Amino acid sequence: MNNCSQAPQTDRTRAAAEQYLESWNTTGMDWDAWMAEVGLAKAEFAKLIGARPDDIAVFSCVSEAASAVASALSFKGERTKLVVSEAEFPTIAHVWLAQQERGARVAWAPVCDGTIGPGSYDALIDDHTVLVSSCHGYYMNGFVQDVARIASRARDAGALSFIDAYQTLGTIPIDAPKAGVDFLAAGNLKYLMGIPGIAFLYVRPEIVETLHPTVTGWFGRANPFGFDAKSLDWSPTASRFDTGTPPVINAYVARAGMEIINEVGPASIRAWLEVLGRALIEGGQARGLTLHGTDDMRRKTASTAFVVRDSHAVEQAMRARGILPSARGIVIRLAPHFYNTIDDVDRALDTLAAVARDG
Ligand SMILES: Cc1ncc(COP(=O)(O)O)c(C=O)c1O
């Protein structure tokens with residue numbers, strides 16, 4: 001029940017990791033195959049969001065992807081404002097705050113009662129705005145934002161949009177080109193059934209050639225294998241955001257995990273998770289648990305948060321009883337995935353209610 005934090009290991013992802021180890025062991029070095037696998041992982045990510053493989057760059061984590069995006073922005077002219085949601089996972093906010101050194105000003109779209117009203121963005125986005133940063137799903141309680149609307153408001157004001165889709169990707173269908181977002185980033189260890197050490201960034205193809213990230217490296221070149229130290233030949237595609245040697249074993253695992261999700265299908269996954277999400281909300285209320293954020297399943301992921309006195313103690317006590325939840329600050333999160341059942345939800349809620357009552 002902790003898919004909002006780390007999905008479980010599957011036979012397929014384990015086999016993928018072993019495939020890399022086997023290739024390394026038997027060939028000693030097979031860079032062509034390894035680079036091809038990174039390309040296939042990009043392609044699988046692209047498929048998830050309705051994009052093309054050329055629109056995707058690869059990183060070791062989402063923070064690094066956001067830092068690369070930040071490094072491609074200028075804060076020298078009239079546009080110095082970064083509109084940032086208070087629901088960002090802290091790492092994303094930290095990247096934007098760090099740009100204050102370079103002349104950026106951060107304006108916060110506030111969280112009220114665990115959600116953000118769309119008007120909060122409208123009030124902040126203006127012709128001084130460089131970029132609007134918002135998460136698709138709030139890590140604390142699963143609240144889902146209308147990223148197409150946010151991207152459109154940003155675009156109308158001449159600003160860019162950055163979406164962190166880590167908490168939704170694979171469980172809520174999203175078409176990044178149709179939504180009109182400029183950047184969309186996510187890693188793989190949560191609902192994409194993967195591991196730490198890899199993350200992907202979508203860059204809208206219409207803007208890619210206007211961007212020159214100063215967080216860069218040889219894989220960002222038009223021909224990384226040109227080995228020309230004196231030429232900064234930008235790749236014409238999103239791979240200009242690539243930096244150095246990619247995380248190869250992680251790409252094997254990430255591809256296998258995303259294949260599972262693409263095969264089951266985010267729309268089918270969403271349909272089932274709406275059922276489990278409602279069961280969590282209603283079952284929690286019936287057991288006297290205090291929900292954090294909205295009870296409207298149309299505006300949330302299946303990750304459902306309950307306010308508890310000491311979330312880490314509750315997590316430990318639940319683990320001891322065979323349930324793995326996820327503690328975050330004042331809440332305990334129950335985050336099922338497509339393979340979970342109503343029985344899993346009931347058992348998790350019974351255990352949480354008992355632990356909360358005893359503790
Ligand atoms: C919404 C969201 N963004 C980002 C992260 C982490 O980013 P990174 O890959 O930089 O560790 C998390 C959780 O780990 C998250 O829930």
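Points worth noting:
- Qualifying residue in the stretch 84-98 (condition: away from the ligand (no atom under 15 Å from the Cβ) and polar (S, T, N, Q)): no
- Within the stretch 173-187, the set of residues being acidic (Asp, Glu) and surrounded by fewer than 17 Cβ atoms within 10 Å (Cβ to Cβ) comprises ASP175 only.
- The stretch 205-223, residues that are open to solvent by 30 Å² or more (accessible area, probe 1.4 Å), of a type outside the set (Gly, Ala, Ser) and out of contact with any helix residue (DSSP H, G or I) (no Cβ under 7 Å at 6 or more places or on another chain): GLU206, GLU209, THR210, HIS212, THR216, ASN223
- When ALA286 is tested against (1) open to solvent by 10 Å² or more (accessible area, probe 1.4 Å); (2) in contact (Cβ under 8 Å) with a residue 24 or more places away in the chain, only condition (2) is not met.
- Scan of the stretch 131-141 for residues that are over 12 Å from the mean Cα position of the chain (by Cα) and either farther than 27 Å from SER74 by Cα or in a helix (DSSP H, G or I) (or both), ordered by number: MET140, ASN141
- Of the helices (runs of 4 or more DSSP H) lying entirely inside the stretch 143-246, those containing at least 2 residues that are more than 15 Å from the ligand (Cβ to nearest atom) and farther than 30 Å from LEU273 by Cα are 147-156, 205-208.
- Selection within the stretch 108-117 - part of a strand (DSSP E or B) and open to solvent by 20 Å² or more (accessible area, probe 1.4 Å): TRP108, CYS112, THR115
- Candidates TYR202, TYR139 - the one that is aromatic (Phe, Trp, Tyr), open to solvent by 10 Å² or more (accessible area, probe 1.4 Å) and in contact (Cβ under 8 Å) with a residue 24 or more places away in the chain: TYR139
- Listed by first and then second residue, the pairs with beta-carbon distance under 8 Å, at least 6 apart or on different chains, first residue in the stretch 248-273 and surrounded by fewer than 24 Cβ atoms within 10 Å (Cβ to Cβ), second among the acidic types (Asp, Glu), are VAL248/GLU37; GLU259/GLU44; ASN262/GLU44.
- Among residues of the stretch 178-210, those that are in contact with a Cys (Cβ under 6 Å, 6 or more places away or on another chain) and among the hydroxyl-bearing types (Ser, Thr, Tyr), counted: 0
The values are calculated or read from the model by the stated rules, or taken from the named source; none is laboratory data. Since we're looking at a predicted model, the values are computed, not measured. Using ideal geometry, Cβ is built from the backbone for each residue, glycine included, and neighbour counts are taken over all protein chains shown. For accessibility, only protein heavy atoms count, side chains too; no ligands or nucleic acids. Shrake-Rupley method; radii C 1.70, N 1.55, O 1.52, S 1.80 Å.
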